[in-house]
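Accompanying notes for the structure given below.
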């Protein structure tokens, strides 16, 4: 198991190595999907008692740091 960021870990034996909240099978991707669908941090913690608010914020922070160094490639316009 590799700790990739505070409460976020990656283990090839859990969800094929996707980043998850430590001690759960809750992936960063899944948490972000739930937030983007309109759930609040409070909703997530209530719906998934294995999560703490700090875990949700850690997932958001991990995603932000992951995207920080991504290259943005704009499609070329064909004229």
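Every number here is computed from the coordinates shown, using simple stated rules; none is lab data. Every value quoted in this text rests on a predicted model; they were computed, and no experiment measured them. Backbone-built Cβ (ideal geometry, glycine too); neighbour counts: all protein chains shown.
For segment 2-62, the normalised intensity computed at q = 0.22 Å⁻¹ comes to -0.79 (log10 of I(q)/I(0), Debye sum over alpha carbons, equal scatterers, no solvent).
Footprinting exposure proxy ranking of 40, 24, fewest other C-beta atoms within 10 angstrom first, gives 40, 24. Think of it as helices only: each DSSP H run of n ≥ 4 in the chain is worth -39500 (n - 2.57), and spread over all residues that comes to -12000 deg cm²/dmol at 222 nm.
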